[in-house]
């Protein structure tokens with residue numbers, strides 16, 4: 001947890017930051033640290049086009065860099081001009097990964113689960129509806145990238161999940177295209 005101090009300081013200050021997870025994904029994410037848990041923190045994402053795009057729940061252990069966003073003045077002025085307001089409260093319980101998934105699944109119609117490839121080269125995003133949370137996995141109804149609900153449930157082990165997202169534009173677009181999930 002090499003960047004825990006910086007993450008906590010950015011949260012306390014409400015500072016716009018860049019977070020990198022070099023071992024998992026290329027580049028950085030810009031946003032605000034909105035809540036802290038024991039092993040995870042909630043990160044409100046600000047896109048390159050200066051829009052709020054949901055929240056990512058990230059593991060402290062995966063963070064390889066955390067520092068001030070160099071363009072924060074511009075970004076915050078543009079957000080203010082657009083009338084964008086940061087989330088004041090999040091409906092997520094950061095106590096554990098199972099609580100994150102369960103609380104996000106209760107608060108949002110769909111969420112995203114990030115699962116790294118076994119070779120360490122990239123990751124898969126599973127977007128869909130939480131059906132049930134088990135002792136060591138989640139039962140999940142997946143939406144394909146074409147906006148179609150898959151027929152079968154996926155069982156995704158917690159130890160494979162490195163990130164949980166909710167409230168993003170792409171998730172919303174998939175749900176609009178797919179509609180409510182059909183009965184299993």
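The values are calculated or read from the model by the stated rules, or taken from the named source; none is laboratory data. Because the structure is a prediction, the values reported are computed rather than measured. Every residue, glycine as well, gets a Cβ built from its backbone with ideal geometry; the counts of neighbours run over all protein chains shown.
Candidates in region 103-119 are the residues that are in contact (Cβ under 8 Å) with a residue 40 or more places away in the chain and under 17 Å from residue 58 (Cα atoms); of these, the one that is surrounded by the fewest Cβ atoms within 10 Å (Cβ to Cβ) is 115.
Among the candidates 45, 33, the residue that is surrounded by 20 or more Cβ atoms within 10 Å (Cβ to Cβ), assigned to a strand (DSSP E or B) and either in the same structural domain as residue 69 (by TED's automatic domain parsing) or touching a residue at least 40 places away in the same chain (Cβ under 8 Å) (or both) is uniquely 33.
Every test in (1) surrounded by 14 or more Cβ atoms within 10 Å (Cβ to Cβ); (2) touching a residue at least 60 places away in the same chain (Cβ under 8 Å) is passed by residue 122 save one, and that test is (1). Residues in region 72-102 that are surrounded by 15 or more Cβ atoms within 10 Å (Cβ to Cβ) and either assigned to a helix (DSSP H, G or I) or out of contact with any helix residue (DSSP H, G or I) (no Cβ under 7 Å at 6 or more places or on another chain) (or both): 13 in all. Regarding residue 99, is this residue under 20 Å from residue 156 (Cβ atoms), free of Cβ contacts under 8 Å to residues at least 40 places away in the same chain and under 15 Å from the mean Cα position of the chain (by Cα)? Against the criterion (under 20 Å from residue 156 (Cβ atoms), free of Cβ contacts under 8 Å to residues at least 40 places away in the same chain and under 15 Å from the mean Cα position of the chain (by Cα)), residue 99 qualifies. Scanning region 141-154 for residues that are over 17 Å from residue 123 (Cα atoms) and not in a loop (DSSP other than H, G, I, E, B) yields a total of 2.
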